Amino acid sequence: MAKMLWLNWSGGGNLPPSLGIARTLTERGHDVAFAGRPEMVSRVERAGFRAIELTRAYEQADRYPEGKWLPKAASFLTSPAVAEQIRGLLPKENPDLVIVDQMFPVALLEAKHFGRPSAAVCHTSVWRCLPMWRKFFAMLTGLRTEAGFEPIPSELENLWMLQDKMIVTTPESLDQAPGELGQAHKLRHVGPVLEPERHGVRVTLPWPDDPRIPLVLVSFSTAPEQGSVKKFQNAIDALAPLPLRAVVTVGDSIDPAALRPADNVAIFATVDHDDLMRLASLVLTHGGHGTFMRALKHGLPMVVVPGLGGDQPVNAVTAEAWGVGRALPADADKGAMRVAIREVLNTPSYRDHAARISQQVAASDGAREASREIELLLPEQAQRPS
């Protein structure tokens, strides 16, 4: 058995697949703990893992410039205070192996300095998003410099590729795009990890079952950073006059009571998305990797209205390129949403293309493959058979 510490960024698309990999590692005999920002703690503990709060997450947030990105998030991901706390935590925890979310620059640097085997994990595509990732890290580390702190590397080769492996939770066949990345031989595509969080429950819909009436699932984001009452309300207003039914899930992003309901639209905080997708005809989404892959797994077409996540506009464009849906601007109004929903529901080719891609997504077990790749970094006596 090995002891592992996961230095975590608990974004809406990051934590559920991280928990899925940790669950599989635990089943294989290892001990996995998570360290991250305060918002992470209850979610990790609900999943049955030990959670360590990085209490200095936002200590230096007031040093970061307003209006360019999210000061609290930038502080957590890049500040010297967080780096110092991680530097003290690693020898205290003394893990055999360190796992780091690839969006967490100071954790990537500290993991390498600790001197034990380490793996970065990317919960979206690498090659399709490579230009975006380079811009994102230049922006993020630039905010640290603007805050008056000593610069840190922004190049992916000096963050991701410092680690012994870079695990990518998307199918390799769906992450093919031109690009150059130093030490790309360290990449391991393992397939998506579509782990349901325990708060996602089966719900009773307020209508009788009728398979003749299309069901639309609306899932923009579960993360507070991306919460937008206006965006959700535009979706409800777009769906209200259409001959269909819809379920809106808001997660922790907004208060469901802030939305005006419609007779054919049910609003929930959390639901079991797999359960609903078995019944759905279309997904209206922000294009986060988890929802994007889950919809494809179920062979569902989609309408994508991107949010703040850097991969979301890329996934929106990809949905159109693959013929599985329509991409709309981030500020799309109810009229634009309604037109796109009608088009995708009334055009069988969108569902046909999604059904073909679903075979590639459904065939992979990302959690198992990621766990195997992580174990291969351990001394032989700590590994478990495949």
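Take the residues of segment 302-358 that are among the polar types (S, T, N, Q) and more than 21 Å from the chain's Cα centre (by Cα): which is surrounded by the fewest Cβ atoms within 10 Å (Cβ to Cβ)? Give the steps one after another, and end with the answer.
Here is the first cut: in segment 302-358, the ones among the polar types (S, T, N, Q) are 312, 315, 318, 346-347, 349, 358.
Imposing the further condition that a residue be more than 21 Å from the chain's Cα centre (by Cα) reduces the set to 346-347, 349.
Details: N346: 9, T347: 13, S349: 11.
Residue satisfying both the conditions and the ranking: N346.
Determine which member of the set R260, R278, R294 is in contact with a helix residue (DSSP H, G or I) (Cβ under 7 Å, 6 or more places away or on another chain), under 30 Å from M40 (Cβ atoms) and not hydrophobic (A, V, I, L, M, F, W, C).
Checking each option against the conditions leaves just R294.
Which one is farthest from W69 (Cα to Cα), of the residues in segment 127-142 that are in contact (Cβ under 8 Å) with a residue 40 or more places away in the chain and among the hydrophobic types (A, V, I, L, M, F, W, C)?
W127
Tell me which helices (runs of 4 or more DSSP H) are completely within segment 6-89 and hold 1 or more residues being free of Cβ contacts under 8 Å to residues at least 24 places away in the same chain, in contact with an Asp or Glu (Cβ under 9 Å, 6 or more places away or on another chain) and of a type outside the set (S, T, N, Q), or say none if there are none.
The helices (runs of 4 or more DSSP H) meeting that bar are 38-46, 71-78.
Evaluate the following for R63: is it among the basic types (K, R) and touching a His at 6+ places or on another chain (Cβ under 9 Å)? It would help to see each step written out before you state the result.
Values: among the basic types (K, R): yes; touching a His at 6+ places or on another chain (Cβ under 9 Å): no.
Taking the combined requirement at face value, the residue does not satisfy it.
I need a count of the residues in segment 255-284 that are buried (at least 21 other Cβ atoms within 10 Å of the Cβ), in a loop (DSSP other than H, G, I, E, B) and free of Cβ contacts under 8 Å to residues at least 60 places away in the same chain.
Residues meeting the conditions: 0.
If I go through segment 147-164 residue by residue, how many of them are part of a helix (DSSP H, G or I), touching a helix residue (DSSP H, G or I) at 6+ places or on another chain (Cβ under 7 Å) and more than 18 Å from T124 (Cα to Cα)?
1
Take the conditions surrounded by 17 or more Cβ atoms within 10 Å (Cβ to Cβ), at pLDDT 95 or above and under 22 Å from the mean Cα position of the chain (by Cα) and apply them to K165. Does it pass?
yes
Six or more apart or on different chains, Cβ atoms under 7 Å: show the pairs whose first residue is in segment 227-242 and assigned by TED's automatic domain parsing to the domain that holds L282 and whose second is part of a loop (DSSP other than H, G, I, E, B) and among the basic types (K, R).
Cβ pairs passing all conditions: Q233/R260; I236/R260.
Test of understanding: among T285, T318, which residue is closer than 26 Å to R212 by Cβ and of a type in the set (S, T, N, Q)? First the steps, then the outcome.
Values: T318 fails: closer than 26 Å to R212 by Cβ.
Step by step, each of T285, T318 is checked, and only T285 is closer than 26 Å to R212 by Cβ and of a type in the set (S, T, N, Q).
Can you name every residue in segment 100-111 that is aliphatic (A, V, I, L, M) and either surrounded by fewer than 24 Cβ atoms within 10 Å (Cβ to Cβ) or within 16 Å of the chain's Cα centre (by Cα) (or both)?
Passing the criteria: V100, M103, L109.
Hey, V100 hits all of (1) assigned to a helix (DSSP H, G or I); (2) in contact with a strand residue (DSSP E or B) (Cβ under 8 Å, 6 or more places away or on another chain); (3) among the hydrophobic types (A, V, I, L, M, F, W, C); (4) farther than 30 Å from V201 by Cβ but one; which does it fall short on?
Of (1) assigned to a helix (DSSP H, G or I); (2) in contact with a strand residue (DSSP E or B) (Cβ under 8 Å, 6 or more places away or on another chain); (3) among the hydrophobic types (A, V, I, L, M, F, W, C); (4) farther than 30 Å from V201 by Cβ, only one is false for V100: (1).
Any residue that is at pLDDT below 95 and among the hydrophobic types (A, V, I, L, M, F, W, C) - is there at least one of those in segment 335-342?
There is no residue in segment 335-342 that is at pLDDT below 95 and among the hydrophobic types (A, V, I, L, M, F, W, C).
Counting only residues that are of a type in the set (G, A, S) and out of contact with any Lys or Arg (no Cβ under 7 Å at 6 or more places or on another chain), which one in segment 112-156 is surrounded by the fewest Cβ atoms within 10 Å (Cβ to Cβ)?
G115
Take the conditions more than 19 Å from the chain's Cα centre (by Cα), of a type outside the set (D, E, K, R) and assigned to a loop (DSSP other than H, G, I, E, B) and apply them to G299. Does it pass?
yes
Can you pull out the residues in segment 29-63 that are of a type in the set (K, R), modelled with pLDDT under 95 and surrounded by 20 or more Cβ atoms within 10 Å (Cβ to Cβ)?
Result: R43, single match.
So which residues in segment 232-270 are in contact with a Gly (Cβ under 8 Å, 6 or more places away or on another chain) and either of a type in the set (F, W, Y) or more than 20 Å from G11 (Cα to Cα) (or both), if there are any at all?
Matches in segment 232-270: A238 only.
The values are calculated or read from the model by the stated rules, or taken from the named source; none is laboratory data. All of these numbers come straight from a predicted model, not from anything done at the bench. FYI the Cβ positions are ideal-geometry reconstructions off the backbone, even for glycines, and counts take in every protein chain you see.
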